[in-house]
Amino acid sequence: MTHVIEAQNLQKDLKVGFWGHKKAILHDVTFKVPQGAIVGFVGPNGAGKSTTIKLLLGAMKPTQGQISVLGQPPSSTQTKAKVGYLPEIQNLPRTLKPVELIQLHLHLSNSSHVNNTSHIDGLLEKVGMRSLKDQLLKGFSKGQQQRVGLALALCHTPDLLILDEPMSGLDPIGRKVVRDIITEQKAQGKTIFFSSHVLPDVEALCDEIILLNEGRTLSQGPINQIFGSHHSGYELTLGQADKILETMALPSGTTVQRQGPHIVVQVDSQKECLRLLQQLEPTSAIIHKVEAMKPTLEEEVIALIEQTQPREVS
């Protein structure tokens, strides 16, 4: 398997505070990004995601460790020409228009598209900003600036997209635009590496995730491999069960709610589910469905991080 990004034993120390004491931001970060994959980079605030991205872009050098991006050092001219980057915070020049800014980026990257009006219009159409292409950026909202930033990341047709919180500041329509672009880029054989706190989008889009916490790689791989097939309880969908449930002693933690004509009961374990089914069997209640509830990616990530936290000794 070809890997577009290879990071091995990365450590990064930064000087902090008035006296400039060294602090290790990254301790031992190791991961690989397969070619043509969508890889989510997740972790809590302060985990080291932004520092890692700066290393991948060649904006910083690691204190220790090795990085290869597209088979080259990240700071090489050949690499930079093939990488599209969307920062989390857009600092776009307020006195330019989107079309002018894209032309400037194409010129700086020596792209053959620099005078290609249809290419520029197509980019702005893709991100939903063509109608505003001749307006000054100073009047743009955060979400609109984010869309223009995405057009800049795509303008030189890169092989690798590195997106830092691409959903930041976007409304639901804007998020769909970004999701569609990421999916389209993968279909074209491109590789997408993006950090996000919007874990439902990560779960829906990504082939793999890399989980970072406190400057260390906790895990990498397909979501179902990292977390397995854990269950967070069982859900029973019942009919004609209102009065029957009122007479039953339900386990602690059980939730009961009405959904249209049905009653939905959630219990914490398989044992409690089986006990409830046994209690319902001789009654007139109708059991429409019984299914295991899968925890969300957010719940799984939080649980894994908590498992790795050192416990305080009392």
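The values are calculated or read from the model by the stated rules, or taken from the named source; none is laboratory data. Keep in mind that what you see is a predicted model, and the values were worked out from it rather than measured. Here the Cβ positions follow ideal geometry from the backbone for every residue, glycine too, while neighbour counts run over all protein chains shown.
Assorted remarks:
- If you go through the range 140-178 and keep only what is assigned to a helix (DSSP H, G or I) and polar (S, T, N, Q), you end up with Q144, Q145, Q146.
- The range 105-124 - residue that is over 19 Å from Q78 (Cα atoms) and not small (G, A, S) and, of those, surrounded by the most Cβ atoms within 10 Å (Cβ to Cβ): L123
- Some residue of the range 141-155 being out of contact with any Phe, Trp or Tyr (no Cβ under 8 Å at 6 or more places or on another chain) and at positive phi: no
- Residues of the range 255-277 classified as loosely packed, with under 12 Cβ neighbours inside 10 Å, of a type in the set (S, T, N, Q) and more than 13 Å from L245 (Cα to Cα), total: 1
- Looking only at the range 1-33, residues that are closer than 20 Å to S76 by Cα and surrounded by 14 or more Cβ atoms within 10 Å (Cβ to Cβ) come to 10 in all.
- Of the strands (runs of 3 or more DSSP E) that lie entirely inside the range 220-271, not one contains 3 or more residues that are at pLDDT 90 or above and within 21 Å of E203 (Cβ to Cβ).
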